[in-house]
Amino acid sequence: MQKVLITGAAGFLGSHLCDRFINEGFHVIGMDNLITGDLKNIEHLFKLEHFEFYHHDVTKFVHVPGKLDYILHFASPASPIDYLKIPIQTLKVGSLGTHNLLGLAKEKKARILIASTSEVYGDPLVHPQNEDYFGNVNTIGPRGVYDEAKRFQESITMAYHTYHGLETRIVRIFNTYGPRMRLNDGRVVPAFIGQALRGEDLTVFGDGLQTRSFCYVDDLIEGIYRLLFSEYVYPVNIGNPSEITIADFAEEIIKLTATDQKVIYKPLPVNDPLQRQPDITKAKEILDWEPKIDRAEGMRNTLEYFKGLSKEELHKSEHRDFS
Ligand code: UDP
């Protein structure tokens, strides 16, 4: 049986990856320090013989007994509200954490896939973003702790590939949504759905003309799975190219939730990218992958998930304040 270590296992993407690898017949070791992750995302796996959970912080030496075939490094705060609250941990998990996991991969002769992000493109001057674009990042801005950690992560991963011959894969993840996102993580999908369900007005930051392109989680997981088993070592964008302004997205949510909330405007956070859309030519060519689930279907599933939360969870929200 093949063994895979998934870091950030109790998080949004990590937990979906655990499910996928269990379903594919792997022995899965989930690792998380639970700073931003939540055990309820993987509770259903604890009873399984081929799932283990290690409560561990990957910025400390990582030990896994026995053989290991694959590592997927998904541990990191991933929303602006989180990395503003815990900037040092964000830098450490992308840098020290990645170094530890690359060392582990080398020791075990395991293939490692690391989760990078469209944030490496910063506030992009090229649109849509393809993998050859070097990015436009403010190193010392509020997003710098995340963006630069992820950029360093890509560099050190390529260095391990080049100098140690390690089998590495790099996925650049664009905005992704779906069940198990944290309602209060500040990202726009749970923020708008939460506001609509609580009967609050939807807060659009800036003039709402900034764009994002949202990918449903199942599509993303499929792309990552294909990338891991491909032979391609350079970064690959995975995301849904269907682009929308945040103001239009707010209107979509109001329609979807059949509420009559209003949209209110708040200041745009510092260095908030004005546009983002993946060029997925590479993923199509190399992985024969493209997203299958459109926003209407994906958002319906996501809304169902959030409707299933308790009243208490629904009201435990935090609002971002960048002013
Ligand atoms: N956003 C918004 N209202 C909110 C939360 C976010 O208008 O309550 C905007 C945010 O300023 C950004 C976009 O939605 O332009 C996506 O934000 P998110 O935090 O989800 O992701 P990221 O900025 O990292 O793409």
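Using DSSP to define loop residues, name the chymotrypsin sites (Phe, Trp or Tyr not before Pro) in the stretch 206-267 whose beta-carbon has at most 16 other beta-carbon atoms within 10 Å. Present the calculation step by step, with values, prior to reporting the outcome.
Working: sites: PHE214, TYR216, TYR225, PHE229, TYR232, PHE249, TYR265; in loops: PHE214, PHE229, TYR232.
Passing sites in the stretch 206-267 are PHE229, TYR232.
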Expressed as a percent, the accessible surface of the stretch 22-146 that is carbon or sulfur, using a 1.4 Å probe and the full set of protein chains, is 56 percent
With charges only on Cβ, +1 for K and R and -1 for D and E, what is the dipole size of the stretch 231-322 about its Cα centre, in debye, rounded to 20?
-> 280 debye
On alpha-carbon atoms, Rg over Rh for the stretch 251-323 using Kirkwood Rh?
-> 1.05
Of all GluC sites (Glu not before Pro) in the stretch 17-109, which ones are in loop regions per DSSP and have a Cβ with at most 14 other Cβ atoms within 10 Å?
-> GLU24, GLU49
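Placing unit charges on C-beta atoms (Lys and Arg positive, Asp and Glu negative, everything else neutral), compute the dipole magnitude of the chain about its Cα centre in debye, rounded to 20. Please list the in-between numbers first.
On the way: 36 positive and 44 negative charges, 144 e Å.
That gives a dipole near 700 debye.
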Please report how far the C-alpha centroid of the stretch 1-37 lies from that of the stretch 280-299, rounded to the nearest whole angstrom.
-> 22 Å
Do any of LYS60/LYS85; LYS262/LYS292; LYS85/LYS292; LYS150/LYS292 go past 29 Å between their Cα atoms, and which?
-> LYS262/LYS292; LYS85/LYS292
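I'd like the FRET efficiency for GLU107 and THR162, computed as 1/(1 + (r/R0)^6) with the beta carbon distance as r and R0 of 22 Å, rounded to 0.05.
That pair, GLU107 with THR162, gives E of 0.75.
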Considering only protein heavy atoms, what is the solvent-accessible area of PHE192 at a probe of 1.4 Å, reported in Å² to the nearest 10?
-> 0 Å²
Using a basic spin-label model with each label point 7 Å from the Cα along Cα→Cβ, how many nm lie between GLN2 and GLU251?
-> 4.6 nm
Charge dipole magnitude, Cβ of K and R +1, D and E -1 - the stretch 1-159, Cα centre, debye nearest 20 = 420 debye
Which one of TYR177, PHE51, SER310 is farthest out on the positive end of the charge dipole of the chain, using unit charges on Cβ (Lys, Arg +1; Asp, Glu -1) and the Cα centre as origin?
-> PHE51
On the accessible surface of the stretch 149-275, probed at 1.4 Å, how many percent belong to carbon and sulfur atoms?
-> 53 percent
For the chain, what is one quarter of the convex hull surface built on the Cα atoms, given in nm²?
-> 15.3 nm²
Relative to a virtual label point 7 Å from the Cα of LEU34 in the Cα→beta-carbon direction, which members of the stretch 56-98 show backbone nitrogen distances below 11 Å?
-> 56
Among CYS215, PRO278, VAL188, the residue whose Cα sits farthest towards the positive end of the charge dipole of the stretch 184-295 (+1 at Cβ of Lys and Arg, -1 at Cβ of Asp and Glu, taken about the Cα centre) is VAL188
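Any idea what the relative contact order of the chain is, in percent, if you count C-alpha pairs under 8 Å spaced at least 6 apart? Can you show the working numbers first?
Values: 644 pairs, mean separation 55.0, N = 323.
Normalised by residue count, the contact order of the chain is 17 percent.
For the stretch 68-210, just say rounded, prolate or oblate: build the C-alpha gyration tensor, square-root its eigenvalues into a ≥ b ≥ c, call rounded for a/c under 1.5, and beyond that prolate if a/b exceeds b/c, oblate if not. The partial results should precede the final answer.
Numbers: a/c = 2.25, a/b = 1.73, b/c = 1.30.
Prolate is the answer for the stretch 68-210, as a/c is 1.5 or above and a/b outweighs b/c.
Just to confirm, what accessible area per residue do you get for the chain at 1.4 Å probe, in whole Å²?
Values: 13950 Å² over 323 residues.
Ligands and nucleic acids excluded, the result is 43 Å² per residue.
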Can you pull out the chymotrypsin sites (Phe, Trp or Tyr not before Pro) in the stretch 50-102 that DSSP calls coil and that have at most 15 other Cβ atoms within 10 Å?
-> PHE61
Report, ordered by chain and residue number, the aspartates and glutamates lying within cross-link reach of LYS92, taken as a straight Cα distance under 18 Å and ignoring same-chain residues fewer than 8 apart.
-> ASP32, ASP57, ASP82, GLU119, ASP147, GLU148, GLU154
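So for the chain: antiparallel DSSP bridges make up what percent, rounded to the nearest 5?
Values: 3 of 38 bridges.
In the chain, approximately 10 percent of DSSP beta bridges are antiparallel ones.
Rounded, prolate or oblate for the stretch 1-110? Axes are the square roots of the Cα gyration tensor eigenvalues, ordered a ≥ b ≥ c, and the cut-off for rounded is a/c under 1.5.
Numbers: a/c = 2.21, a/b = 1.25, b/c = 1.77.
Oblate shape, in that a/c is at least 1.5 and b/c is the bigger or equal ratio.
Evaluated at 10 °C with a viscosity of 1.306 mPa s, what Stokes-Einstein diffusion coefficient in µm²/s does the stretch 131-181 have when Rh comes from the Kirkwood expression over alpha-carbon pairs? Please report the intermediate quantities before stating the final value.
Working: Rh = 13.0 Å.
Diffusion coefficient, whole number: 122 µm²/s.
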Rounded, prolate or oblate: pick one for the stretch 89-129, where a ≥ b ≥ c are the square roots of the eigenvalues of its C-alpha gyration tensor, a/c under 1.5 means rounded, and failing that, prolate if a/b is larger than b/c, else oblate.
-> oblate
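The values are calculated or read from the model by the stated rules, or taken from the named source; none is laboratory data. For clarity, every value in this text was computed on a predicted model and none was experimentally measured. When we count neighbours, we look across all protein chains shown, and the Cβ atoms used for this are built from the backbone with ideal geometry, even at glycine. SASA here: full protein model, heavy atoms, side chains in, ligands and nucleic acids out. Shrake-Rupley method; radii C 1.70, N 1.55, O 1.52, S 1.80 Å.
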